[in-house]
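Below is one structure, written out as structure tokens; the observations come after it.
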Amino acid sequence: MSLTLSDVEKIARLSRLSLGETEKATVLSELNGILAMVAQMQRVNTDGVEPMTHPHEVALRLREDKVTETDHAAEYQACAPEVRNRLYIVPQVIEE
């Protein structure tokens, strides 16, 4: 699949881009290059290739799951005008 100049003009209009004639030609060439690379990649036989979660063999460093911080909620909410059940209470601004 390759794009035409009218395709580039439509993409530019939809993207709200203002492109000059030389820019349109450059964009057309670059987009067609990208589409050619995608087509080339799609031709690669990937049968029997397992999906990878990461391109490199890495082991995640795990840490012990323990609480390291103390609860500061009361301290942080002390300056709030109104707090109920650890929630900030604000005036209603939207009518029902």
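The values are calculated or read from the model by the stated rules, or taken from the named source; none is laboratory data. If you're wondering where the values come from, they're calculated on a predicted model, not measured in any experiment. Here Cβ is always computed from backbone atoms with ideal geometry, including for glycine, and neighbour counts include all displayed protein chains. Just the protein is used for accessible areas: all its heavy atoms, side chains included, with ligands, DNA and RNA removed. Shrake-Rupley method; radii C 1.70, N 1.55, O 1.52, S 1.80 Å.
Quick notes on this structure:
- Residue check, LEU5 surrounded by 13 or more Cβ atoms within 10 Å (Cβ to Cβ) and more than 24 Å from the chain's Cα centre (by Cα): no
- So ASN85, is it out of contact with any Cys (no Cβ under 7 Å at 6 or more places or on another chain), of a type outside the set (Gly, Ala, Ser) and under 30 Å from SER2 (Cβ atoms): no
- Among the candidates LEU60, LEU87, the residue that is of a type in the set (A, V, I, L, M), open to solvent by 80 Å² or more (accessible area, probe 1.4 Å) and at pLDDT below 90 is uniquely LEU60.
- Check on MET52, of a type in the set (A, V, I, L, M, F, W, C) and modelled with pLDDT of 95 or more: no
- The listed residue being within 30 Å of the chain's Cα centre (by Cα), surrounded by 10 or more Cβ atoms within 10 Å (Cβ to Cβ) and either of a type in the set (Val, Ile, Thr) or under 30 Å from SER2 (Cβ atoms) (or both), out of ARG13, ARG43: ARG13
- Evaluated against (1) free of Cβ contacts under 8 Å to residues at least 24 places away in the same chain; (2) of a type outside the set (D, E, K, R); (3) closer than 21 Å to MET1 by Cα, PRO51 falls short on exactly one condition, (3).
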